[in-house]
Amino acid sequence: MSRVCAVSGKKALSGNKRSHSLQASRRKWNVNLQKVKVVVDGKPQRIRISARALKTLKAQQA
C-alpha cells in the first residue's frame, strides 16, 4: 500500500536533513495517514485518509 491519502491525494514530500554543520542527507516527510471507516455510496469502507482531510470531513458533517 502506498502512502497516499484516498481523499486529498497527498503524498510524502522529500527534502534534505541538515546537521549542525549543514551537511545534507535526503529524508522524507510522510503523510499522517489514519485508517478510518467511511460511508461511500451507502456502504461502509475502510480507507486510509490523512489527518488533515479527516478533520475537514468531520467539520463538514457538523
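With the requirement that a residue be part of a strand (DSSP E or B), surrounded by 11 or more Cβ atoms within 10 Å (Cβ to Cβ) and at pLDDT 95 or above, what does the range 29-44 give you?
Of the residues in the range 29-44, the ones part of a strand (DSSP E or B) are 29, 33-40, 43-44.
This time we only want the ones that are surrounded by 11 or more Cβ atoms within 10 Å (Cβ to Cβ), so: 33-34, 36, 38.
If the condition is that a residue be part of a strand (DSSP E or B), surrounded by 11 or more Cβ atoms within 10 Å (Cβ to Cβ) and at pLDDT 95 or above, then 33, 34, 36 are the ones that fit.
Looking at (1) among the small types (Gly, Ala, Ser); (2) at pLDDT 95 or above; (3) loosely packed, with under 13 Cβ neighbours inside 10 Å, which one does residue 2 not meet, given that it meets all the others?
If we test residue 2 against (1) among the small types (Gly, Ala, Ser); (2) at pLDDT 95 or above; (3) loosely packed, with under 13 Cβ neighbours inside 10 Å, just (2) comes out false.
Across the range 10-21, what is the total count of residues that are small (Gly, Ala, Ser), surrounded by 10 or more Cβ atoms within 10 Å (Cβ to Cβ) and assigned to a loop (DSSP other than H, G, I, E, B)?
Number satisfying all stated conditions: 1.
So that you can scan it fast, the table gives a plain yes or no per residue for (1) among the small types (Gly, Ala, Ser); (2) touching a residue at least 40 places away in the same chain (Cβ under 8 Å):
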| residue | (1), (2) |
| --- | --- |
| 1 | no, yes |
| 22 | no, no |
| 35 | no, no |
| 42 | yes, no |
| 49 | no, yes |
| 55 | no, no |
| 60 | no, no |
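The values are calculated or read from the model by the stated rules, or taken from the named source; none is laboratory data. Note that the coordinates shown come from a computational prediction; the quantities given were computed from them, not determined experimentally. In this analysis, Cβ positions are derived from the backbone assuming ideal geometry, glycine residues included, and neighbour counts consider all displayed protein chains.
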